[in-house]
Amino acid sequence: SAPDTEGIRPSGKRRVSSVVGLSLLEVIRALDLPGEILASEDPTQTMPRRLGLSDVVEQQIRLYRDQVRRKEKITDQQAQDLVHLVLRRPDSEEAFFQAGDLLADKVKSPGGLKKLYSEKARYSLARRESRKLIKSLFGRPIGGFAHGPFTIEARSHFLLELDPGGDACALMTGLTQAILRTCLPDKVRVLHSSCEARKDDLCRWVVADPE
């Protein structure tokens with residue numbers, strides 16, 4: 001059946017940063033680069049996995065790089081088309097996660113100063129940077145912060161509009177985890193502990209307990 005695209009207009013204001021499109025395509029290409037093609041391979045099954053090596057994707061990457069340099073934005077529909085391209089892959093959730101991680105490169109590390117900050121101050125910095133970057137990337141906030149050092153909760157949010165199946169929520173997981181690792185001295189892991197796509201009341205991203 002066709003995906004539910006309620007809320008996404010065929011055309012309209014360009015709100016999504018073109019760096020989102022660039023990151024998704026660069027991740028697809030990177031994931032496909034080391035792949036081996038076996039003699040017994042079924043092209044109908046492996047074509048989505050090898051799509052990142054196609055001339056079409058390479059041309060689109062060059063186009064997005066130009067748009068990023070010009071600080072141009074893309075429409076919600078263009079963003080959805082890119083998400084659906086990723087969803088053709090068996091490793092789509094991992095691709096979204098890696099794209100989120102790549103997008104966090106826009107956050108500048110506090111460097112040695114973060115060692116002087118209290119844990120509370122470092123989490124406050126991570127929340128501030130997350131709010132700012134999410135709105136800059138998607139042209140709107142995605143949820144808000146709930147009780148706790150770093151807990152984001154969202155209902156009927158933009159990523160679910162792009163992908164009602166919920167795989168694209170991993171974009172937020174990768175993004176916030178990378179931001180936290182920039183702001184905190186120790187490595188942390190973010191969990192997408194509940195998801196509307198899994199029939200939960202809302203989507204929630206939380207910092208995992210240390211292992």
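Nothing in this text is a laboratory measurement; each read-out follows from the coordinates by a stated rule. Every value quoted in this text rests on a predicted model; they were computed, and no experiment measured them.
Quick notes on this one:
- 3J(HN,Hα) from dihedral phi, the stretch 81-97, Karplus parametrisation 6.51/-1.76/1.60, rounded to Hz, x for glycine, proline: 4, 5, 4, 5, 5, 5, 5, 6, 8, x, 9, 4, 5, 5, 5, 5, 4
- Karplus 3J(HN,Hα) series, Hz, for the stretch 190-201 with 6.51 cos²θ - 1.76 cosθ + 1.60 (x for Gly, Pro): 9, 10, 8, 6, 8, 8, 4, 5, 9, 6, 6, 5
- In order along the stretch 163-168, the Karplus-derived 3J(HN,Hα) couplings, from 6.51 cos²θ - 1.76 cosθ + 1.60 at θ = phi - 60°, round to 9, x, x, x, 4, 5 Hz, and Gly and Pro are given as x.
- For Thr151, distant residues with modelled amide H under 5 Å away: Ala146
- Database remark: amide H of Val190 closer than 5 angstrom to the amide H of Ala208 (H placed geometrically; neighbours at sequence offset of 5 or more, or on other chains; Pro and chain starts carry no H).
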